[in-house]
1. Name the single residue, out of those in segment 148-164 being at pLDDT below 75 and aromatic (Phe, Trp, Tyr), that is surrounded by the most Cβ atoms within 10 Å (Cβ to Cβ).
2. Which one of these is at pLDDT below 90, of a type in the set (Gly, Ala, Ser) and out of contact with any helix residue (DSSP H, G or I) (no Cβ under 7 Å at 6 or more places or on another chain): Ser372, Ser377?
3. Can you spot a residue in segment 102-123 that is charged (D, E, K, R), exposed (fewer than 15 other Cβ atoms within 10 Å of the Cβ) and in a strand (DSSP E or B)?
4. For segment 377-398, enumerate the residues that are more than 16 Å from Val428 (Cα to Cα) and among the polar types (S, T, N, Q).
5. Applying the selection to segment 297-320, what residues are of a type in the set (Lys, Arg) and under 24 Å from Ser359 (Cβ atoms)?
6. Is it fair to say Val132 is modelled with pLDDT of 85 or more, in contact with a His (Cβ under 6 Å, 6 or more places away or on another chain) and part of a strand (DSSP E or B)?
7. Among residues belonging to segment 46-66 that are in a helix (DSSP H, G or I) and surrounded by 12 or more Cβ atoms within 10 Å (Cβ to Cβ), point out the one that is farthest from the chain's Cα centre (by Cα).
8. When the residues of segment 371-388 are filtered to those that are within 40 Å of the chain's Cα centre (by Cα) and polar (S, T, N, Q), which remaining residue is surrounded by the fewest Cβ atoms within 10 Å (Cβ to Cβ)?
Amino acid sequence: MNTVKRFFRRYIFSTIGIMILFLSVNIALLFTILILGSMSGSDKSFSVRDFSDLVVLQDGKWTANDDALSMLEEQSAWAMLLDEDGDVIWQQNLPEDLPHSYTSAEVASFSRWYLEDYPVKIWARSDGCLMVVGYQPRTLVKYYFSLEWPYMGIMFGGIAVVFIINLLLIVFLILRNTRKVERAMTPILQGIQNLSHGKIPHLEEQGELAEINAGLNRASDYMRKKDNTRAEWIRGVSHDIRTPLSMVLGYASELEDDRTLPSDARKQAGIIRRQSEKMKRLIDDLNLTTKLEYALQPVHFKDVDWVEINRQAVSEVLNSGLDDRYEIIFTETQPGRSIHLLGDAGLLRRILDNLIRNSVTHNPKGCKITLSVGEESGYCLCTVTDDGVGIAPELLKTLNRGDDIASTQDSDGKSEHGLGLKLVTQIVNAHRGTISFASNSPHGLEVTISLPVQPLLS
C-alpha cells in the first residue's frame, strides 16, 4: 500500500472510530438514564410500603392516620385497599369512575401498568390485602419501569445537553482530524501550485507524507536542472548568433550606402539590414526574457528621472530612422517637473522602446503614437497610446491576465513572436509595478504602466 492510500485510510478509519465511540457512549448514557429513571419509581419522598403500614384495622374499621393522609395530599394521589377477593375495603380520594371490585386478572393487569388512565403503585401486605396508590393522569410514566413526571423533564433536558455536547465534540474531533490532514496536504498543494507558476518549491521530507514531499522535491530539482540547461542553451545560442549577425549588419549597411552599386542591389542590401536588425531585436528579447524568467538578469536599482527616461526612449526611436507614416507625440501631465524613482534605467527604456515599436509593427499603414508621463498618488505613470488597428478583445484579456502570448501579427500580417510584450510585463513586475492593456477609443491600443515612486529593494 502506498503512502497516500495508507494516509487517507487512516483518516477514514479514525473518523469512523470517533463516530462509533460516541455512539457507544451515548447508548450507555441512555441506558444509565433509563435505569436511574426506573429506580426513581421508588420515590424516597413517598413509599407505598410505609404508607400501607399507616392504614390499620381498628375496632373492625380500616383507618389511616394523619401522616398517611398528608402523604397522599402531597402527591395529589388516591389510595384503596383490596381484600383477597378484590373488593375495596378502604379508600381515600378514590375517583368516582373507578369500580370498587376487581377480578384477579384485573388486579394482575394494573399491578404493573395503569388502572384506567391512572398510573398506580402497589404493595402486597402480610395480611393478604393489596394496597393500591394511584396518581393523577400524566404525572407518572410506567413501562417496564416508572418515571416521575418531574424526572421526565430532567431526563429529556439531560439527553438534549448530552446530545449537543457530543455533537460539538464530534465536530471538534473531526475538524481536528481534518486540520491534521490539511496541515499535511497544504505544503504539497502549495508546492504543486508553485510548480505550475514556474517556482521551484522545497518541502520538508518528514511526517506521514514524507515520500510525497521527497517525490515533489525530486521533480523540482529535475525542473530546475532542465530550466537551467535551457537558459544556458539560449544564452549560448544568442551569443553565438550575435557575432555573425553583427557582421551581416555591418556589410549590409556598407552595401546599402555604396553609391557605386546598382539601385536594386542597394535596395536588397537595405532589406537584409532591416531583417537582420529585426532578428537582432528578437535574439535580444529572447535572451533578456530568459534571464528575467530564471532570475539571471540583475536589476540595478538606482535613482532615475522617470520623465527623462521616457524622453530618451522617444529620442532613440526617432533617431533610429522612423518612417514618416508614424508620428510620436510626447507629453507631460506635470510639465517641467522631475519624477524620480528607484529603477534600472536600461530596463525601463526597454519597456518604452518595446511598446513604441509594438505600435509600429502592428500598424503598417501608419499611426499616431502618444506617450504621456506623469505622477499620481505616489505612482509614476506612463501611457502609450496609438490610433491604429487595435487588438482583439480575446488577446486583451490574455494580456491583462498576465498570460504568455504565443504570437502576434506583424506588419505583413504574418505571425511573429510575442516576446516583446512579455518582456515588458516581466520588467514591470521586476519593478513592483503594474501594467494594463485597453482598447483606445475609437480604435487603437492603450497601455498604462504604473510604478511605485519608491519601490522596495529586493
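1. Tyr151
2. Values: Ser372 fails: at pLDDT below 90.
Criteria check complete, one pass: Ser377.
3. As a first pass, look at segment 102-123 and keep what is charged (D, E, K, R): 106, 112, 116-117, 121.
Now drop any that are not exposed (fewer than 15 other Cβ atoms within 10 Å of the Cβ), which leaves 106, 112, 116-117.
Checking the rest, the ones that are also in a strand (DSSP E or B) come to none.
No: segment 102-123 contains no residue that is charged (D, E, K, R), exposed (fewer than 15 other Cβ atoms within 10 Å of the Cβ) and in a strand (DSSP E or B).
4. Hits for segment 377-398 are Ser377, Thr385, Thr398.
5. Going through segment 297-320, the residues of a type in the set (Lys, Arg) turn out to be 302, 311.
Residue satisfying the conditions is Arg311 alone.
6. Values: modelled with pLDDT of 85 or more: yes; in contact with a His (Cβ under 6 Å, 6 or more places away or on another chain): no; part of a strand (DSSP E or B): yes.
Considered against the rule, which asks whether it is modelled with pLDDT of 85 or more, in contact with a His (Cβ under 6 Å, 6 or more places away or on another chain) and part of a strand (DSSP E or B), Val132 comes out as no.
7. Taking segment 46-66 first, the residues in a helix (DSSP H, G or I) are 48-53, 66.
Applying the additional criterion that residues be surrounded by 12 or more Cβ atoms within 10 Å (Cβ to Cβ) yields 48-53.
Working: Val48: 66, Arg49: 68, Asp50: 69, Phe51: 70, Ser52: 72, Asp53: 74 Å.
Of everything passing the filter in segment 46-66, Asp53 is farthest from the chain's Cα centre (by Cα).
8. Here the residue is Ser377.
The values are calculated or read from the model by the stated rules, or taken from the named source; none is laboratory data. Quick caveat: nothing in here was measured; it's all calculated off a predicted structure. Heads up, the Cβs are rebuilt from the backbone with ideal geometry, glycines too, and the neighbour counts pull from every protein chain shown.
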